[in-house]
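No value in this document is a laboratory result; all are computed from the given coordinates. These numbers come from a predicted model, not from an experiment. Quick reminder, even Gly has a Cβ in these numbers, built from the backbone with ideal geometry, and neighbours come from all protein chains shown.
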Amino acid sequence: MCGIVGVFNKEEAANYVYLGLHALQHRGQEAAGIISTDGESFYVHKGRGLVNEIFNKKGIISSLKGRLAIGHNRYSTFGDESLANVQPLYAHFDLGNIAIAHNGNLVNALGIKRHLVSEGAIFNSNSDTEVIIHLIARSKKTSFFERLVEALSIIKGAFSLIIMREDEVYAVRDPWGFRPLSIGKLDDAVVFASETCAFDLIGAEFIRDVEPGEVVIANRDGVHSYKPFKNRSEHKCVFEYIYFARPDSFLWDRHVYSIRKKMGEVLAAESPVDADIVIPTPDSGVPAALGFAKASGLQFDFGLIRNHYVGRTFIEPSQSIRNFGVRLKLNTAKDVLDGKRVVVVDDSIVRGTTSRRIVKMIRSAGAKEVHLRIASPPVMSPCFYGIDTPTKKELIASSHTIEEIRKYSTAESVAYLSLEGLKSIVGENGYCFACFNGDYPIEFEK
Ligand code: AMP
């Protein structure tokens, strides 16, 4: 998924970017990096792990000098885990230095890369983002802006980008608008971030979202907006509302928390249960479980207790670690569950690993019945635009009926929010629902 932040014109810009990345930690926990500039040199620090692990040594942040800085939290969807793939990527070319932070996935990067390599280009990483740098550097246009627009017209897919040069910071959203990116203000500084929770932490004021297909430039002449690309129909990723974004973020004119709560309410109306208590899978299922409990008049309780010192299980790359992760992260409150008919609400089922383990845990804590309620439709198709669901085979709902999923999970009943129910909350148009209905706005090119 990835989280990106950029700051233009603030003393100790890297410090603000660091805090912004910290607020966006949920968007990527594998690696992170910050690049700053004082108008002459670029200063770089990157590492693997969590933001506070990477930047915790004294002197690291203060060595990232200057009033401009950008940063990136990595969650790998493309490219391997080596440090060369950790962003922001940077390069020197005929117009100076460039650093780039990308959230999203390009669908035609492999073809472009093959072509560039056949013409002699050398790649440092196997990240799809590096093709953007090559396209900018090789463009025959004269100004940086024209080169950028040309490069971004060649690539296809999901890209929310923050780009830094010696004296300016750019924020771009692809014409489909898959991934979020917002503009904020902090005194005289301009701040860009994937989500508004990053602005809240640093005391910046949210101004507005970068629009699909918009290029925003912050430089010493002010903030400028351009719409240089062909119009496309908007396809914002609905999974941001379901799982990715932090519930305290204000995304695409709506509060994420309220949307999730509403998902639980609609789910309760669609698939009610005769039960004693409603519990969430913490933390992702909490707002939906509250909505479910409210709409069904059932008592809300915490039957699963989360250990907050482990990351999101799903983000760990291998299945064996993922399996282990559920137990690392959650335990049962037995006095809450013993003898009860329990509804457990989660935001989504992807591979089915979490729900099966959770149902078993709840039952072994003494629950009489366990009913799974999922606050999104069945995930049937992989995402090509930045979410880590690489193959169809791994998605349990792509090859199993709901009854088969129920059997696998060992729950008494399983029900998902319907796609119509989801659309009744977020709206019929303007979103990408491809993971639920296979309706891809742009095909992946091999
Ligand atoms: P699974 O065990 O594979 O079914 O994963 C489902 C759990 O992972 C749910 O509890 C979600 O909160 C969470 N989740 C759903 N989608 C994603 C994703 N793309 N990346 C990380 N976690 C996810």
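Computed quantities for the displayed model
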item: Top of Glu420, Glu195, Glu81 by mean-square fluctuation, Gaussian network on the chain, Cα under 10 Å; result: Glu420
item: Amide hydrogen neighbours beyond the local backbone of Ile305, cut-off 5 Å, H modeled; result: Asn331, Thr332, Ala333
item: Ratio Rg/Rh [Cα only; Rh per Kirkwood] for the chain; result: 0.99
item: Segments 163-172, 221-230 sorted - mean Cβ within 10 Å per residue, highest first; result: 163-172, 221-230
item: Relative contact order %, the chain, counting alpha carbon pairs below 8 Å whose residues are six or more apart; result: 13 percent
item: Among Glu130, Glu234, Glu11, residue whose mean-square fluctuation peaks in a GNM of the chain (springs only between Cα atoms under 10 Å); result: Glu11
item: Gain on full stretching of the segment that runs from Ser118 to Thr391 - 0.36 nm per residue minus C-alpha separation; result: 95.4 nm
item: Lys57-Glu205 FRET efficiency (beta carbon distance; Förster radius 45 Å; 0.05 resolution); result: 0.90
item: Cβ-defined net charge surrounding Asn103, 11 Å radius [Lys, Arg +1; Asp, Glu -1]; result: +1
item: Hull-based mean projected area of segment 3-234, where the convex hull spans the alpha carbons, in square nanometres; result: 11.4 nm²
item: Rounded to 5, percent antiparallel among DSSP beta bridges of segment 255-437; result: 15 percent
item: Reachable lysines from Lys262, criterion Cα separation under 17 angstrom, eight or more residues apart if same chain; result: Lys294, Lys423
item: Hz values of 3J(HN,Hα) by residue in segment 209-220 - Karplus curve (6.51, -1.76, 1.60), Gly and Pro given as x; result: 7, 5, 7, x, x, 9, 10, 10, 10, 10, 8, 5
item: Sequence-distant residues sharing a close amide H with Arg341 (under 5 Å, placed H); result: Asp276, Ile277, Lys368, Glu369
item: Of Tyr408, Tyr416, Tyr16, the one that fluctuates the most in a GNM where the chain has Cα springs shorter than 10 Å; result: Tyr408
item: Per-selection Rg to Rh, segment 255-437 - Cα, Kirkwood hydrodynamic radius; result: 0.94
item: Degrees between helix 144-154 axis and first principal axis of the chain (Cα, 0 to 90, nearest 10); result: 40 degrees
item: Folded to 0 to 90 degrees: helix 13-23 orientation relative to the chain principal axis, Cα; result: 20 degrees
item: Part-to-part distance (alpha-carbon centres) for segment 101-163 and segment 370-446, which is given in Å; result: 31 Å
item: Relative contact order [Cα under 8 Å, 6+ residues apart], segment 3-234, whole percent; result: 21 percent
